[in-house]
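The values are calculated or read from the model by the stated rules, or taken from the named source; none is laboratory data. None of the values given here were measured: they were computed from a predicted structure. Cβ placement follows ideal geometry from the backbone for every residue including glycine, while neighbour counts extend to all protein chains displayed.
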Amino acid sequence: MTDRPILMARHIAHCYRTPRGEVRALREVSLTLRRGEFVCLVGPSGCGKTTLLRILAGLLHPTRGEVWLGDQPLRGPDRRIGIMFQKDSLLPWRTALENVRLPLELSGWPGPEAARRAQALLEQVGLQGFEHAYPRELSGGMQQRVALARALAADPEILLLDEPFATLDAITRERLNEMLIGLWERQRKTVLMVTHDVHEAAWLADRVLVMSPRPGTIVAEIQVPSPRPRGADRWSHPAFLQTVWAIRQALGDGGG
Amino acid sequence: MHGKATGWGTWHRTGIWLPRAGAALLFVLLWSLVVRLGDYPPFILPGPERVAARMWALAAEGSLWRHWWATAVEVGLGLGLGVAVGLILAYPLAHWRLFERMVAPYLVASQAVPIVAIAPLLIIWFGPGLLARVLVSALIAFFPVLIAAIAGFRQVPPEWRELFRSLQATRWQTFWKLEWPAALPTIFGGLKIGATLSVIGAFVGELISADRGIGFLIKQGQGLYDTPLVFGGILLLASQALLLYGVISALEHRWARR
C-alpha cells in the first residue's frame, strides 16, 4: 500500500527565458513519491527547489521531461495535489475561516458545509477562537497554520510544502513542525516538503532528497532509519545524528 | 470595556467635528473681515451674511433645492456611467496588451482635449437635455477610475494568482474572489478623483446649455451682476463634491479595509 508510487517526475529539466538569455534552473531530476510517505527536499538556496515544486504541482510545464500523477501524465493543476507557499499567501480581506474556506468555495461546496469543514480544520491546526481574525491580526506562525489548513481543505492526496516555516523563529518553527508531523501521522497524506534546514529534514522525513546548486539535480537519496515518533530525545539517537551528517556530506559534495 | 470603547468613539467623533467646525467658523470670520476692511461693494465681494441672505431667499421661493437636485442628478448619473465604463474597459485593458495598444491612444486623446471644448459637440449631438450633460460628466469622471482599476488589476501579487491557478479557479472566480477585492483599495483612490471631476463635468455641461442647475444659477448671477448668487452657487457645488467624497470614503471604509 505505502509502496505504490503516487507522483513521479521523469527526467525533468527546466530553463527560464529572461531578457538576458536562458537560465538553467533544473538539469535532470527524476523522483518518485510513494503513497503516505514524508519526503524532504534539501538543497542550497537558488538550486531550483521551488521550480521543481511548481512543476510537480502542475503550475509550470518543464522544458523537458514529464510528471505522472498515479498512472496519468500531469497536464496542469490538479485537485489531488495541495500546495502551500512560503509566506504571504493569505488573502488580507478574508478572515482565517474565509481563507481556509476558499478552496471549498472554488470547487462549489455549499456554504454551511464549507464553513463547518473550515472550522474543523482550524481546530486541527490549533486555531480555535481565531476564526474571525484577519491575517494582519495573526502572528507569522498563526498565518502559516491558516495556510496549512487551507492547503488541507480540499482534502488532497499529496501535499507540496515550499519551505512552509522558513520565515519563522526557531521555537515557532519547531512547534509547527510537531503539529505537521502529528497531522501527517493521523491523515497519512503523501508529503513533499522543501527545506534548507538539514535538522528539520532529518527529523521529519522518511527519506531525504538532496539537490545540487543550480542547475539542480538530485545528488543523493538518504533513508532516515530513526523510529517514529521522534520526540525531542532524537538528539540523543546516534542514528539521527548520522542522518544529519549524511545530508551535510551530500550537500557538500554538490558544492553547496 | 464596552462602555470605554463607546466613550472613546464619542470623543473621537467630536474630536473630528470640533476642529472642522472651528475651521469653518474661522473661514467665515476671515471672509467677513476682508470684506469689511477692504470696503468692497457687494457685486465685487459680498460678505457671508449677504450670500446667506441670497441663498435664504432662493430657498424660500423653492428653487434652491430644485437647482441643487438637478445638478445632483447629473453628477450621480455621470459618475455612475463613468465608473461603469471605466471598470468595464479596465479589465480587458489590464489583461490584453494588444487591446491596450489599440485603445489607449484614443483614451488618452479624449483626456488631452479640454472638456469645455468637447461639451458643445456633445450638446450638438445629443441635444440640450439631461443626456448631454450626463455624458460630459461621465467623460471626465471615467478616466481616473479606469487608470486606477487597470493599476489595481495588474498589481495583484503573482503568488495569489498562482494560488488561484493551483485551486483551478475559473476566470470568473479569479475575477470575483481575487482581482476585484485585491484591486478595490486602488479603485477607490481613482473613484475619489472621479467623483470631484464628475461635479466639474456636470457644471460645465450646465454652463453651456441648461435651464436649471447650479451652473445655470451661476451663469444667471454673472449676467445680473448678482455676485452673492454666484458665491452661493460655488458653495452649492462645493457641497456636492464634499457630500460625494464623504459617501465614497464611508463605502471605502466598509468595503476596502485592510
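Would you pick out the residues in the stretch A:124-137 that are under 29 Å from A:Gly58 (Cβ atoms) and touching a residue at least 40 places away in the same chain (Cβ under 8 Å)?
First, the residues of the stretch A:124-137 that are under 29 Å from A:Gly58 (Cβ atoms): A:124-125, A:127, A:135.
Residues satisfying the conditions are A:Gln124, A:Val125, A:Pro135.
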Which condition from (1) within 13 Å of another protein chain (Cβ to nearest Cβ); (2) free of Cβ contacts under 8 Å to residues at least 60 places away in the same chain is the one that B:Phe175 breaks? (2)
Conditions (1) among the acidic types (Asp, Glu); (2) crowded, with 17+ Cβ neighbours inside 10 Å; (3) not in a helix (DSSP H, G or I); number of the one not met by B:Glu252: (3)
Could you check A:Pro73 against (1) within 26 Å of A:Gly58 (Cα to Cα); (2) crowded, with 18+ Cβ neighbours inside 10 Å; (3) more than 14 Å from chain B (Cβ to nearest Cβ) and say which number it fails? (2)
Extreme residue, farthest from B:Thr186 (Cα to Cα), among residues of the stretch B:134-172 that are within 13 Å of chain A (Cβ to nearest Cβ) and hydrophobic (A, V, I, L, M, F, W, C): B:Leu167
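Has the stretch B:169-176 got any residue that is within 24 Å of the chain's Cα centre (by Cα) and under 30 Å from A:Leu152 (Cα atoms)?
Residues of the stretch B:169-176 that are within 24 Å of the chain's Cα centre (by Cα), as a first pass: none.
Among the residues of the stretch B:169-176, not one is within 24 Å of the chain's Cα centre (by Cα) and under 30 Å from A:Leu152 (Cα atoms), which makes the answer no.
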Would you mention how many residues in the stretch B:105-137 are over 23 Å from B:Thr196 (Cα atoms) and hydrophobic (A, V, I, L, M, F, W, C)? 3
Scan the stretch A:140-147 and tell me whether some residue there is of a type outside the set (Lys, Arg), touching a strand residue (DSSP E or B) at 6+ places or on another chain (Cβ under 7 Å) and either buried (at least 24 other Cβ atoms within 10 Å of the Cβ) or within 13 Å of chain B (Cβ to nearest Cβ) (or both). yes
Return only the number of the condition from (1) surrounded by fewer than 18 Cβ atoms within 10 Å (Cβ to Cβ); (2) more than 14 Å from chain A (Cβ to nearest Cβ) that B:Ser198 does not satisfy. (1)
Of (1) within 9 Å of chain B (Cβ to nearest Cβ); (2) over 25 Å from A:Met8 (Cβ atoms), A:Glu137 satisfies every one except (1)
Taking first residues from the stretch B:94-110 that are assigned by TED's automatic domain parsing to the domain that holds B:Trp180 and charged (D, E, K, R) and second residues anywhere that are part of a helix (DSSP H, G or I) and at pLDDT 90 or above, the pairs with Cβ under 7 Å that are 6 or more apart or on different chains are B:Glu100/B:Leu93
Would you confirm, using the coordinates I've provided, whether A:Ile218 is on the phi < 0 side of the Ramachandran plot, in contact (Cβ under 8 Å) with a residue 40 or more places away in the chain, in the same structural domain as A:His14 (by TED's automatic domain parsing) and in a helix (DSSP H, G or I)? no
Since B:Ala151 meets every condition but one in (1) buried (at least 20 other Cβ atoms within 10 Å of the Cβ); (2) more than 26 Å from A:Met84 (Cα to Cα), which condition does it not meet? (1)
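Here are B:Pro114, B:Pro120: which of them is out of contact with any Gly (no Cβ under 6 Å at 6 or more places or on another chain), touching a residue at least 12 places away in the same chain (Cβ under 8 Å) and surrounded by fewer than 23 Cβ atoms within 10 Å (Cβ to Cβ)?
Numbers: B:Pro114 fails: touching a residue at least 12 places away in the same chain (Cβ under 8 Å).
So the residue among B:Pro114, B:Pro120 that is out of contact with any Gly (no Cβ under 6 Å at 6 or more places or on another chain), touching a residue at least 12 places away in the same chain (Cβ under 8 Å) and surrounded by fewer than 23 Cβ atoms within 10 Å (Cβ to Cβ) is B:Pro120.
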The stretch A:83-99 residues that are in contact (Cβ under 8 Å) with a residue 40 or more places away in the chain, paired with ones that are part of a loop (DSSP other than H, G, I, E, B) and among the β-branched types (Val, Ile, Thr) (beta carbon under 7 Å, 6 or more apart): A:Gln86/A:Thr167; A:Lys87/A:Thr167
Could you run through the stretch B:201-223 and say how many residues are buried (at least 24 other Cβ atoms within 10 Å of the Cβ) and more than 19 Å from the chain's Cα centre (by Cα)? 2
Note on A:Gly36: of the conditions (1) outside any loop (DSSP other than H, G, I, E, B); (2) on the phi > 0 side of the Ramachandran plot; (3) touching a residue at least 60 places away in the same chain (Cβ under 8 Å), unmet is (1)
Restricting to the stretch A:78-109, count the residues that are among the aliphatic types (A, V, I, L, M), within 10 Å of chain B (Cβ to nearest Cβ) and within 19 Å of the chain's Cα centre (by Cα). 4
